[in-house]
C-alpha cells in the first residue's frame, strides 16, 4: 500500500510493516508476520526494486508480531537488523513479562488471532544477530532514520523518525485499531508492560512534528504527531 512515493505499508490494519523508499535504497521498519514475506517481495517488484536494495531493517521492539520476516531477510540477503539493546533478548525468544488482563471482544480477538495464524504467527523465527541501539542515534540508512527511546510498551521500545518521509514509526507505543476490541482511533496499545510509562514516552513522538504516525497495528495516521498523542492521552483517560 503506497502512502506516499517514499512510504509504503506491508500488511494491513491488523499487523503492518513499512518501507522508507529513497533513491539510494530502502529502509524497512518492523517485519510483521512471517507470511508477509510474499507481500514484501511483491511490493519491491512493484517499485522496480529487489531485496538487494534493502539497506537495513529496524525493529521497534522485540514482540513476535513485529519480527516476522526479519531473520529470513538477514540470513538470505544479508540485511542488517537493528533493535534497542533492552529488547534484544526478547527478540531472541527471551522471557516477556505478563501484562494485566486485557479488555476484549470475541469477534475482533478471534479475527486477529486467525489472521496471525494464517500469516505464520504461530511459527515465530526469533532473531539471532542484530546491531543493538541505545536511542538517540541517526542511522546511516535511507531516510536518515533517527532513533527515539520510548520505553513503556516494552523496555526497549523505540520510535523511528524519518524526516525525509515526514513520518514517525511508533510500533506499539500507540495503536489506531485495538486488535482485541476492534476500537478504532488513536489509543493506548494492548499488552503494554508499563502503561503509564508508555504514556509518558509519547512526548518524544509529539516533538517530531511528523505528519505521518505509523503504528504496527491500525490505520496510518496523517493528522500529525501532536494530534495523535493528544488523542491517545484522551483515550487513556476514558478507559
If a residue must be in contact with a strand residue (DSSP E or B) (Cβ under 6 Å, 6 or more places away or on another chain), surrounded by 23 or more Cβ atoms within 10 Å (Cβ to Cβ) and assigned to a helix (DSSP H, G or I), how many such residues does the stretch 42-95 contain? 2
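Looking for whichever is touching a strand residue (DSSP E or B) at 6+ places or on another chain (Cβ under 9 Å) and closer than 19 Å to residue 180 by Cβ here; the options are 98, 119. Which one fits?
Numbers: 98 fails: touching a strand residue (DSSP E or B) at 6+ places or on another chain (Cβ under 9 Å).
Among 98, 119, only 119 is touching a strand residue (DSSP E or B) at 6+ places or on another chain (Cβ under 9 Å) and closer than 19 Å to residue 180 by Cβ.
Kindly indicate whether any position in the stretch 95-105 is more than 21 Å from residue 217 (Cα to Cα) and at pLDDT below 95.
Looking only at the stretch 95-105, we keep the residues that are more than 21 Å from residue 217 (Cα to Cα), and these are 95.
Filter once more, keeping what is at pLDDT below 95: 95.
Yes, the stretch 95-105 contains a residue that is more than 21 Å from residue 217 (Cα to Cα) and at pLDDT below 95.
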Taking only pairs six or more apart or across chains, which ones have beta-carbon atoms under 6 Å, a first residue in the stretch 20-42 that is touching a residue at least 60 places away in the same chain (Cβ under 8 Å), and a second residue that is surrounded by fewer than 19 Cβ atoms within 10 Å (Cβ to Cβ)? 25/53; 26/53; 33/120; 34/120; 35/120
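With respect to residue 19, determine if the residue is closer than 24 Å to residue 176 by Cα and at pLDDT 95 or above. Step through it out loud before you land on a result.
Details: closer than 24 Å to residue 176 by Cα: yes; at pLDDT 95 or above: yes.
Spelling it out, residue 19 is indeed closer than 24 Å to residue 176 by Cα and at pLDDT 95 or above.
The values are calculated or read from the model by the stated rules, or taken from the named source; none is laboratory data. The shown structure was predicted, so the numbers you read here are calculated from the model rather than taken from an experiment. Please note: Cβ atoms are built from the backbone with ideal geometry, for glycine as well, and neighbour counts cover all protein chains shown.
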